[in-house]
């Protein structure tokens, strides 16, 4: 190896997604955002269960999206495979107007939707 070569290790952590616990939950769960109502930042927590027995599991493909009152997609907060565990995502709505919005977690057959309120 010459003097100008480097070895780079990439440690990948999804931007904006915080792992709260790696304990494997028994079921999928989407929690109410906190605080709610909020201005302009809130946190959304969710549990990802394991469908495929360990060690075959390669994670679950997850989407977490925000919709306005008319059902128009506003933002995608998560769109990737995640290992089983408990996660938290921060949603910054500073560019949105006050109102009622919905957030939806999907993974396979699991779909859960909750309401959040933005008050400015």
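A short reminder: the numbers here are calculations on the coordinates, not readings from a lab. Keep in mind the model is a prediction, meaning the values are calculated, not measured. Every residue, glycine among them, receives a Cβ derived from its backbone with ideal geometry; neighbour counts consider all protein chains shown.
Below is a table of values for the structure above.
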quantity: Centroid-to-centroid separation of the range 15-43 and the range 68-99 [C-alpha atoms, Å]; calculated: 10
quantity: At R0 = 41 Å, FRET efficiency that the Cβ-Cβ distance of residue 94 and residue 21 yields, to 0.05; calculated: 0.90
